[in-house]
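Following: one structure in structure tokens, then a few remarks.
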Amino acid sequence: MKKIFPLILLLLTISLPSHIVADDKGDMEKLSSQLNTANQKLSRGQFEGEDLNAWTKLTIKMKSEASLCAANNEAALEDLKASMDGLGEEVKGEDPEVTKKRAAYQKEKEELEKKLAKCNLYIVSSDEVSALIGDAEKSYFKQKYLVRSPDMIDLVMAYLENPVSVLQDSGEFVFKHSGISEIGVQDIVLSIVAVLLSVFFGIWLRNKLLLLESKRHWQDDFSENLVRALLTTLAWSAPYLIGSAVAAVISVVITLEVEKIPFVTEFFIGLLLFFVARTTILLFFSPHPPAKPFLPFSPHIAEALAIRLRVLAVLGLIGFLAFYTVFSESIIESNLMLARNIYSLFLVVNVAWTLQVIISSPKLPKLRFIAMLVIVAVLASLVAEGMGYRTLAFSGRRMIVLSFIAFMFFIGIAKIFRDLFDAVDDGTYSWCRRLHNTLGVEHGQKVPGLIWIRLLTTILVWGTFAAFLIDAWDYSGGVIEHIRGYIINGFDIGNFRIVPGRMLWALLIFGVIIILSSWIRSQMENNWLRLTSMGPGARDAVVTIVGYVMFLAAILAGLSAAGFDFGNIAIIAGALSVGIGFGLQNIVNNFVSGLILLFERPIRKGDWVVVGGTEGVVKDIQIRSTRIETFDRADVIVPNSELISNQVTNWVLSSNSGRAIIPVGVAYGTDTEKV
């Protein structure tokens, strides 16, 4: 089976259909009209960044559809040309039906040439618009990211001219524009009472949860530690979470009629988000005793990471309130930019500090180089911000940090799936062992077909991360659209088209059918066939045959889902015949012999046989070979062709009774009667 699968994979690769049906003409005309509109606006310079993203995707879609259209029409023209060549050249006095058919072919050829010319025109138009978009993107990038504002020295000098202006603006904002003055005294009193009651309720809930935790006997494994950490962390955070949540809800309700969201509402919403972030950090890195950390971090690394992340959470709350609420509108722009620079300094230092803690962990050696690159990149963004390139610094820093967080997240997701599949294969948990029993998997063996589900999951997890990373950094949206087109529509290699999306779908179908085959064989062997009058050997033969039929069905279903063109079966048969002729005679001979053994059953599982110089019990009959266990407990692998072409002695074929001749030697002169 291991030798056959690469050949099947090769045949799959070379036999995919060479063209896919494109969208109809109406869609092409609609895309062309939108492309003309984009061309006109680009020529006049009437566009925004969002327009460039939309037009980039439009040109890619247009070119993809037009390329498919051109490929289909070229293939149709080739087929038509072959048909016309089959009619031969026109001769005087030929059959009228032939003349009529030639005229129909000629008319069809003209129509196809018109369609091909139109498709090529669409390709040229999309290329022209794509070139204009490329020039516009360069100009837009310079205007958006490379515009220089006052640098750090200029901002400090402006601040020193009036150093108390920040305090004056802040005080005026708090007393006049924070939204407190718009709330009635009665609402304020009721809100304070409600928040206090919610805090007391949180304290009561904390005691109940801690009592529940103390009464249960906890096991030292991952799931138990996770539940225990969740219970204790929520218990100690309950007063803060419930109190801030009630305060946020009340502030939203009593300020619904205010036209602009007041600062007090934004403050309590930010406070709620801060406590949620703090609780999450404590849960994963420093759960409250007696709970234990469930992540595989050393205690000092986990504690240091929890401290640094809590500092970042505080900085996040400060940054939200200072720069993303109505408070920022009350500060002079130069002072606001200076405050952003100072805030960025603290933020970048703490981000670098946090990454340094991650680097020092002995369990994450592969992340050290990436973390060092992130540290260098965020420090470079701080320098760029100090020089006045604030938009470039903010955007770059945000994307770098988010990309690293996403990378860590997907590493965690991949590890969860890897541990899950390992547990299923090894039978680590009780439900895994029940699954082994259901599928008929013996102890120490892997679940059949799970390797394909594992491979598909790995591709999907890291493919999703790659798509996220490309989409985050590709400001035009063109790269991700190209990749999407390749995955869905495929790409050509010579005269053949490969569609990755179908290949992934084929992997899933193949793996699911193999797992289903294992379950069906287990049920037949242990339940269904035991209700019949079939003997053990016959049952084993039926189970084996069903297994190979299901494997063949899995291959055919996977090939069909991958877009395999079964019209090319002649090519496959030719390739197989050549392979059999040159090097696969023995394999095919053993394969056919295995089928004969399964159907004719001259030997059965459990029979005592003698083959050549080998004597023992038949343990397993496979499609290529048979395993015989000798009296010395040695396993002998015998090719099936030898069992068919050579003489085989089966001691128990027709009867379990037999005669054994045991020679006994005695000394000369011994009384034979006594012997």
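The values are calculated or read from the model by the stated rules, or taken from the named source; none is laboratory data. None of the values given here were measured: they were computed from a predicted structure. Because the Cβ atoms are built from the backbone with ideal geometry, glycine has one as well, and the counts that use them run over all protein chains shown. SASA here: full protein model, heavy atoms, side chains in, ligands and nucleic acids out. Shrake-Rupley method; radii C 1.70, N 1.55, O 1.52, S 1.80 Å.
In segment 510-530, the residues that are part of a helix (DSSP H, G or I) reach residues that are basic (K, R) and open to solvent by 40 Å² or more (accessible area, probe 1.4 Å) with C-beta atoms within less than 7 angstrom, at least six apart or across chains, in these pairs: E525/R539; L529/R539.
Restricted to segment 368-406, and to residues there that are without any contact (Cβ under 8 Å) to a residue 12 or more places away in the chain and of a type in the set (D, E, K, R), the residue that is nearest to L469 (Cα to Cα) is R398.
Does Y122 qualify as being modelled with pLDDT under 80 and within 30 Å of S32 (Cα to Cα)? Answer is no for this residue. Taken over segment 403-418, the criterion of being among the hydrophobic types (A, V, I, L, M, F, W, C), more than 12 Å from the chain's Cα centre (by Cα) and open to solvent by less than 30 Å² (accessible area, probe 1.4 Å) is satisfied by F404, A406. Restricting to segment 163-175, and then to whatever is open to solvent by 70 Å² or more (accessible area, probe 1.4 Å) and not aliphatic (A, V, I, L, M), can you tell me which residue is modelled with the lowest pLDDT? Among them, the one singled out is F175.
Going by the conditions given, is L58 under 30 Å from G134 (Cα atoms), touching a Ser or Thr at 6+ places or on another chain (Cβ under 7 Å) and surrounded by 19 or more Cβ atoms within 10 Å (Cβ to Cβ)? Give the derivation first.
Working: under 30 Å from G134 (Cα atoms): yes; touching a Ser or Thr at 6+ places or on another chain (Cβ under 7 Å): no; surrounded by 19 or more Cβ atoms within 10 Å (Cβ to Cβ): yes.
So L58 does not fit the description; no.
Filtering segment 372-390 to residues that are open to solvent by 40 Å² or more (accessible area, probe 1.4 Å) and among the small types (G, A, S) leaves only A380. Every test in (1) surrounded by fewer than 19 Cβ atoms within 10 Å (Cβ to Cβ); (2) over 30 Å from V185 (Cα atoms) is passed by A304 save one, and that test is (1).
Scanning for something more than 30 Å from P150 (Cα to Cα) and touching a residue at least 40 places away in the same chain (Cβ under 8 Å), does segment 342-349 turn up at least one residue? Within segment 342-349 (the criterion being more than 30 Å from P150 (Cα to Cα) and touching a residue at least 40 places away in the same chain (Cβ under 8 Å)), the answer is no, since none of the residues qualifies. I'd like the full set of residues that are surrounded by fewer than 16 Cβ atoms within 10 Å (Cβ to Cβ) and part of a helix (DSSP H, G or I), limited to segment 323-352. Matches in segment 323-352: F323, S328, E329, E333, I342, Y343, L345, F346, V349. The lone criterion from (1) free of Cβ contacts under 8 Å to residues at least 24 places away in the same chain; (2) in contact with a helix residue (DSSP H, G or I) (Cβ under 6 Å, 6 or more places away or on another chain); (3) hydrophobic (A, V, I, L, M, F, W, C) left unmet by A82 is number (2).
Against the criterion of being surrounded by 13 or more Cβ atoms within 10 Å (Cβ to Cβ) and out of contact with any Asp or Glu (no Cβ under 6 Å at 6 or more places or on another chain), I637 does not qualify. Would you check if V578 is part of a helix (DSSP H, G or I), modelled with pLDDT of 80 or more and open to solvent by 60 Å² or more (accessible area, probe 1.4 Å)? So V578 does not fit the description; no.
One line per residue, one yes/no per condition, for (1) at pLDDT 85 or above; (2) open to solvent by 40 Å² or more (accessible area, probe 1.4 Å):
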site	(1), (2)
K142	no, yes
R148	no, yes
H177	no, yes
I183	no, no
F200	yes, yes
I203	yes, yes
F222	no, yes
T233	yes, no
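Entry remark, segment 503-514: residues being open to solvent by 40 Å² or more (accessible area, probe 1.4 Å) and within 19 Å of H436 (Cα to Cα) number 1 in total. Considering every residue within segment 364-371, establish whether at least one is at pLDDT 85 or above and open to solvent by 30 Å² or more (accessible area, probe 1.4 Å). No - not one qualifying residue is present in segment 364-371.
This table checks each residue for (1) of a type in the set (G, A, S); (2) modelled with pLDDT of 80 or more; (3) open to solvent by 80 Å² or more (accessible area, probe 1.4 Å).
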| position | (1), (2), (3) |
| --- | --- |
| E50 | no, no, yes |
| G88 | yes, no, no |
| E108 | no, yes, yes |
| D127 | no, yes, no |
| S130 | yes, yes, no |
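Test A229 against the criterion of being over 28 Å from S191 (Cα atoms), among the small types (G, A, S) and open to solvent by less than 30 Å² (accessible area, probe 1.4 Å), and give yes or no.
On the way: over 28 Å from S191 (Cα atoms): yes; among the small types (G, A, S): yes; open to solvent by less than 30 Å² (accessible area, probe 1.4 Å): yes.
Against the criterion (over 28 Å from S191 (Cα atoms), among the small types (G, A, S) and open to solvent by less than 30 Å² (accessible area, probe 1.4 Å)), A229 qualifies.
Here A393 meets each of (1) modelled with pLDDT of 85 or more; (2) more than 25 Å from the chain's Cα centre (by Cα); (3) over 30 Å from S344 (Cα atoms) with one exception, condition (3).
Taken over segment 542-557, the criterion of being open to solvent by 40 Å² or more (accessible area, probe 1.4 Å) and over 24 Å from R604 (Cα atoms) is satisfied by A553, L556. Considering segment 242-292 alone, what residues qualify as being in a loop (DSSP other than H, G, I, E, B), within 32 Å of the chain's Cα centre (by Cα) and surrounded by fewer than 20 Cβ atoms within 10 Å (Cβ to Cβ)? Within segment 242-292, just K292 meets the criteria.
Looking for something at pLDDT 80 or above, out of contact with any strand residue (DSSP E or B) (no Cβ under 6 Å at 6 or more places or on another chain), farther than 30 Å from I621 by Cα and open to solvent by 50 Å² or more (accessible area, probe 1.4 Å) - is there at least one such residue anywhere in segment 486-502? Yes: segment 486-502 contains one or more residues that are at pLDDT 80 or above, out of contact with any strand residue (DSSP E or B) (no Cβ under 6 Å at 6 or more places or on another chain), farther than 30 Å from I621 by Cα and open to solvent by 50 Å² or more (accessible area, probe 1.4 Å).
Among the residues of segment 620-673, those that are among the aliphatic types (A, V, I, L, M) and in a strand (DSSP E or B) comprise I621, I628, V636, I637, V638, V648. Is it true that D135 is closer than 30 Å to M387 by Cα, open to solvent by less than 50 Å² (accessible area, probe 1.4 Å) and not basic (K, R)? In short, no.
Restricting segment 421-453 to residues that are surrounded by fewer than 18 Cβ atoms within 10 Å (Cβ to Cβ), of a type in the set (V, I, T) and part of a helix (DSSP H, G or I) leaves a set whose member that is nearest to the chain's Cα centre (by Cα) is I451. Against the list (1) in contact with a Leu (Cβ under 7 Å, 6 or more places away or on another chain); (2) closer than 22 Å to I60 by Cβ, the condition E108 fails is (2). Screening E29 against (1) loosely packed, with under 14 Cβ neighbours inside 10 Å; (2) modelled with pLDDT under 80 leaves a single unmet condition, (2).
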